[in-house]
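This report concerns only the one structure given below.
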Amino acid sequence: MPRIEDYALLGDLHTAALVSTAGSIDWLCLPRFDSPAAFAALLDNDQAGHWTLAPEAGGTCTTRRYAGNTLVLETDWVTAEGSVRVIDFMPPRADTPHLVRIAVGLDGDVAMRSTLRLRFDYGRVVPWIRNLGTQIHAIAGPDRVRLMSAVPLRGDHWDTLADFTVRKGDRVPFVLSWAPGHDPQMPHVDADQALAATADFWTGWSAHAAYQPGPYGEAVDRSLITLKALTYEPTGGIVAAVTTSLPEEFGGVRNWDYRYCWLRDATYTLQALLAAGYRREAGAWREWLLRAIAGQPETLQILYSLDGARRLPEVELGWLSGYEGSSPVRTGNAAAGQLQLDVWGETLDALFLARQAGLPADHDAWALQVALMNYLESAWREPDNGLWEVRGDRQHFTHSKIMAWAAADRMARSVREYGLPGPAPRWEALREQIHHDIVTRAFDTERNTFTQAYGSAALDASLLLIPRVGFLPATDPRVLGTIAAVRRELSDGDLVRRYSTAATDDGVKGSEGLFIACSFWLVDALHASGQQQDAIDLFERLLALRNDVGLLSEEWDPGARRQLGNTPQAFSHFALVVSAVQLHLGSAIRSDNPMQT
């Protein structure tokens, strides 16, 4: 089984594929990110579906890279017989999803093999296949796939194989296309024309960045391209990751479906996109957000589907063994039904940030924001499940209270600074009340640190966001004490855990790795508090966790020195962008008039 970091990303702004260093596509959901997988070997074994295109002798590639600032992957093998390159990409979609692979001879004569094993519905359904020589048609229920090749295809034990030799200068293309099972019409694609158009698209998109790249420009560019690839173009929503059930602990049960859009990601995504000058994408994300949250404020969810749908039932797929035996494999996410009060604050903070950044006003949205604030005024005192979606008892999580403070702050400031109608004095009084409540009930004076929840001694990495949202300045002794406590009690080699699973009843067995985004939060907190060299040293350590093509998953296992969790993780990548930009510019991206009380 390849390591999580052995996978590279392909995407067409509707869905994505993961390609291993052995040339095997082991994950692809069609036609959307959250559709059932046609290749699910990632969560079981080759029998669950994959497509390998590599030298017949097999083995790990010699080198691979993305071609410039694109999502076109070039994978090279150097063998005793010669050298070959496989070019993989998915053209940005017009109507039909296409996955294109081109074998290119670089030197000598290299025997190649393509092995296609289609298994629809997460490895459960073997399609009926019709072979037409250099193309096959596979169909089962709602899915239809066509593979077109420049070389003959043959069936062998429920696989489709192609054996061929590439010589210097040869180009052997394969194009896999999907359509609904009832629709036999699929447009044909010229592989080389599609390659040129795909490269032009990504190069042109990257050129629109409006930031100064600085010393970390390459890492920022790759993270921004990754975030764009996680965008569902029809709606502007951004998925948390393209995978489900990659474990937070090898062999454990902390395996969740991340192919959805989380509201709290709005603030961080908008920060990253706006910091890099991508106003169009930031605007599309805001529009998705407004559509998703439309309705009664008390029914606000923490996550939604790509198109804003709310029902995301969690189901276990018992026929899949899980990545390296990490089961169960899940689709859907029961966290959609949790109460997480921080999302009201994060939503209102995101919309304030958009207004502050000069995105065109949406006046109809203000009434919705007022309704959300009115609900939060009466609900902020309630216990909730917190931003980490704990499945244990609800608590008065400090981060949730801080984001309620942020909501009152942003709404009052929207009235004062932008002339919007609303009871600013009432919201300002609420802001003061919440602030007093937090500093009185969530601060441990003996240890000089804020705690995870009222009455708890546990710590939480979300406390590192206190200066980011403007609750207190980073140089406040209480914040400095909190930073020191997190480094002392939640760190392993300076990388940070979200919280201690031994000290927090989160309702799930086992433990987890170090959370990469939280480690970037520590970079930001160190930077804002004047600990510049520590911030730079930690940031560069985090950059070293990226795989060979610049991708980060959710977590890091310090013992095995491997990536953990779903991949590529949006949270990790937009945290990287924010940290890199502010380290380069020498100032914090967000620090909203910190209070001194």
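The values are calculated or read from the model by the stated rules, or taken from the named source; none is laboratory data. What you are looking at is a predicted structure, and each value in this text was computed from that prediction instead of being measured. As a convention, Cβ positions derive from the backbone with ideal geometry for all residues, glycine included, and neighbour counts pool all protein chains shown.
Screening 488, 441, 478 for residues that are closer than 20 Å to residue 529 by Cα and exposed (fewer than 15 other Cβ atoms within 10 Å of the Cβ) leaves exactly one candidate, 488.
Before we move on, is residue 189 outside any loop (DSSP other than H, G, I, E, B) and either in contact with a helix residue (DSSP H, G or I) (Cβ under 9 Å, 6 or more places away or on another chain) or under 23 Å from residue 114 (Cα atoms) (or both)? Here the answer is no, as residue 189 does not meet what is asked. As a summary of the residue check, residue 277 satisfies the conditions (1) touching a residue at least 40 places away in the same chain (Cβ under 8 Å); (2) over 19 Å from residue 579 (Cβ atoms); (3) of a type outside the set (S, T, N, Q); (4) part of a loop (DSSP other than H, G, I, E, B) except for the one numbered (2). Within segment 540-564, residues that are on the phi < 0 side of the Ramachandran plot have Cβ atoms under 6 Å from residues that are among the acidic types (Asp, Glu) in these pairs: 547/5; 555/248; 558/492; 563/5; 564/248; 564/555; 564/557, counting only partners at least 6 apart in sequence or on another chain.
Out of everything in segment 212-256 that is under 19 Å from residue 323 (Cα atoms) and among the polar types (S, T, N, Q), what residue ends up being nearest to the chain's Cα centre (by Cα)?
We begin by selecting, within segment 212-256, every residue under 19 Å from residue 323 (Cα atoms); these are 240-256.
Of the ones still in play, those that are also among the polar types (S, T, N, Q) are 243-245, 255.
Numbers: 243: 9, 244: 11, 245: 13, 255: 15 Å.
Out of the qualifying residues, it is 243.
Taken together, 434, 516, 466 contain a single residue that is buried (at least 19 other Cβ atoms within 10 Å of the Cβ) and in contact (Cβ under 8 Å) with a residue 60 or more places away in the chain, which is 466. The combined condition, being closer than 24 Å to residue 194 by Cα, modelled with pLDDT of 95 or more and polar (S, T, N, Q), is fulfilled by residue 75.
Among the residues of segment 171-187, write down those that are surrounded by 11 or more Cβ atoms within 10 Å (Cβ to Cβ) and either at pLDDT below 95 or of a type in the set (Phe, Trp, Tyr) (or both).
Going through segment 171-187, the residues surrounded by 11 or more Cβ atoms within 10 Å (Cβ to Cβ) turn out to be 171-181, 184, 186.
Once the filter is applied, which keeps residues that are surrounded by 11 or more Cβ atoms within 10 Å (Cβ to Cβ) and either at pLDDT below 95 or of a type in the set (Phe, Trp, Tyr) (or both), segment 171-187 yields 174, 178, 181, 184, 186.
Being over 23 Å from residue 9 (Cα atoms), under 18 Å from the mean Cα position of the chain (by Cα) and outside the structural domain of residue 16 (by TED's automatic domain parsing) is the requirement here; does residue 259 meet it? Answer is no for this residue. Remark: pairs (first residue in segment 298-311, part of a helix (DSSP H, G or I); second residue at pLDDT 90 or above; Cβ separation under 6 Å; 6+ apart in sequence or on different chains) = 298/375.
Being in contact (Cβ under 8 Å) with a residue 40 or more places away in the chain, outside any strand (DSSP E or B), of a type in the set (A, V, I, L, M) and within 28 Å of residue 559 (Cβ to Cβ): is that true of residue 472 here? Step through it out loud before you land on a result.
On the way: in contact (Cβ under 8 Å) with a residue 40 or more places away in the chain: yes; outside any strand (DSSP E or B): yes; of a type in the set (A, V, I, L, M): yes; within 28 Å of residue 559 (Cβ to Cβ): no.
So residue 472 fails the test.
Kindly indicate whether residue 535 is in a helix (DSSP H, G or I), among the hydrophobic types (A, V, I, L, M, F, W, C), under 22 Å from the mean Cα position of the chain (by Cα) and on the phi < 0 side of the Ramachandran plot. Criteria not met by residue 535.
Checked against the criterion of being over 19 Å from the mean Cα position of the chain (by Cα), hydroxyl-bearing (Ser, Thr, Tyr) and not assigned by TED's automatic domain parsing to the domain that holds residue 548, the candidates 20, 35, 24 yield just one match: 24.
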